[in-house]
Amino acid sequence: MKVLKFGGTSVASPQNIRKLVKIVSQKSQTSKVTVVVSAFGGVTDALIGLSELAQSGNFSYQEAFETLKKRHQSTVEELLLEGEQKEECFLLVESLFEELKDILHGVFLVRELSPKTLDFISGFGERLSAYIIAQAFIQHGEKANFVDSRKLIVTDEEFGNAKVDFSISNSNILRHFANSQGIQVFAGFISSSKTGQSTTLGRGGSDYTAAILAAALQADVLEIWTDVSGMLTADPRKVKKAFPIAQISYQEALELSYFGAKVLYPPSIQPVYQKNIPILIKNTFEPEAEGTLISTDAKLAERPMRGWSAIKNIAWLNLSGNGMVGITGISMRLFGALGR
């Protein structure tokens with residue numbers, strides 16, 4: 001089993017979705033595959049933005065809503081051939097947008113946007129993209145099935161960054177795959193609490209969804225498909241001669257991710273790291289490129305450093321003084337003050 005995750009840029013247009021379908025279809029010839037997708041590029045930010053407009057009582061949220069709706073409708077129009085399947089897809093998209101419209105109207109009326117409501121709204125992008133992409137696979141002649149991840153991945157109710165209950169989630173995932181056939185297309189990022197409330201796994205959560213699935217299924221590999229050819233030695237916007245890293249260890253990838261590298265969402269490494277499942281980062285637009293393999297067996301770097309990362313807007317605080325020497329509890333007081 002291979003789990004393939006495609007990010008927002010990889011599904012940003014009908015042309016990109018066709019590339020995705022081709023990549024997955026080729027891999028499905030030699031292995032069972034499961035697909036996790038993000039919302040179309042920029043959609044999650046747009047959903048959050050129009051939610052905030054509605055909360056502030058700004059009528060322009062309606063215009064932003066219509067723009068978002070037309071984008072998804074035009075994608076269906078261009079992606080699918082005329083027929084019953086296309087009509088059913090349009091109806092489902094229309095139904096989801098009617099649901100979203102009602103929720104936004106409620107936010108507008110009461111001028112309140114709770115974390116719980118925002119989670120529900122921000123998850124619409126993945127629900128839409130996963131369904132549309134599943135239809136694209138079927139149009140291509142593949143047997144495919146849209147999966148609402150909220151039915152399988154169970155979390156607490158820390159809205160915006162929910163914590164996964166792996167015991168329940170793994171059981172749900174294994175039960176689903178025991179009775180499934182064809183390519184399963186999962187909506188990334190979204191989940192639900194034990195009481196059935198919609199939750200999300202944090203920004204970058206689609207990577208995490210894919211890692212949860214890969215770990216539960218004991219997958220051969222987790223492939224993260226994005227718009228760069230693997231992890232680079234540095235941010236190419238800052239270092240022009242940055243180049244892809246062929247192999248890297250889990251620990252090195254974690255450090256680079258936590259300290260600024262944007263290719264990988266840090267929490268996504270942990271589930272597969274525990275199961276020793278390699279992560280392969282590939283470029284949707286250059287599928288022939290080698291990419292980066294993250295594993296326990298990464299060869300030692302030929303150079304003294306594997307990569308370079310940086311974080312903006314960091315403050316450095318230095319606390320010193322003779323009155324601190326030998327005084328018990330100084331560190332606790334410092335970090336307690338910072339915490340507060």
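Some notes on this structure:
- Looking across K241, K275, one residue alone is without any contact (Cβ under 8 Å) to a residue 40 or more places away in the chain and either open to solvent by 70 Å² or more (accessible area, probe 1.4 Å) or among the small types (G, A, S) (or both). It is K241.
- Failed item, numbered, when E223 is tested on (1) under 29 Å from A298 (Cα atoms); (2) free of Cβ contacts under 8 Å to residues at least 40 places away in the same chain: (2)
- Count of residues meeting criterion [among the small types (G, A, S), touching a residue at least 60 places away in the same chain (Cβ under 8 Å) and open to solvent by 20 Å² or more (accessible area, probe 1.4 Å)] in the stretch 7-45: 3
- Between S268, S295, the distinction of being open to solvent by less than 70 Å² (accessible area, probe 1.4 Å), at pLDDT below 85 and among the polar types (S, T, N, Q) belongs to S268 only.
- Look at the stretch 292-316: where a residue is within 21 Å of D227 (Cα to Cα) and touching a residue at least 40 places away in the same chain (Cβ under 8 Å) and a partner is open to solvent by 100 Å² or more (accessible area, probe 1.4 Å) and basic (K, R), sitting 6+ places away or on another chain with Cβ atoms under 8 Å, you get A310/K238.
- Condition met for A261 (modelled with pLDDT of 95 or more and either crowded, with 20+ Cβ neighbours inside 10 Å or closer than 27 Å to T117 by Cα (or both)): no
- Selection count, the stretch 46-70, where residues are open to solvent by 70 Å² or more (accessible area, probe 1.4 Å) and either modelled with pLDDT under 95 or not polar (S, T, N, Q) (or both): 5
- When the criteria are applied in full, V154 fails the requirement of being within 24 Å of G182 (Cβ to Cβ), among the β-branched types (V, I, T) and open to solvent by less than 60 Å² (accessible area, probe 1.4 Å).
- Among residues of the stretch 174-187, those that are farther than 19 Å from S28 by Cβ and either open to solvent by less than 30 Å² (accessible area, probe 1.4 Å) or touching a strand residue (DSSP E or B) at 6+ places or on another chain (Cβ under 9 Å) (or both), counted: 1
- Selection from the stretch 72-104 of residues that are open to solvent by 90 Å² or more (accessible area, probe 1.4 Å), under 26 Å from T200 (Cα atoms) and not charged (D, E, K, R): L91
- Here K282 meets the list (1) open to solvent by less than 100 Å² (accessible area, probe 1.4 Å); (2) over 23 Å from L217 (Cα atoms); (3) of a type in the set (K, R) almost entirely, failing just condition (2).
The values are calculated or read from the model by the stated rules, or taken from the named source; none is laboratory data. All figures in this text were calculated on a predicted structure; none of them were measured in a lab. As a convention, Cβ positions derive from the backbone with ideal geometry for all residues, glycine included, and neighbour counts pool all protein chains shown. These accessible areas exclude ligands, DNA and RNA; they are computed on the full protein's heavy atoms, side chains included. Shrake-Rupley method; radii C 1.70, N 1.55, O 1.52, S 1.80 Å.
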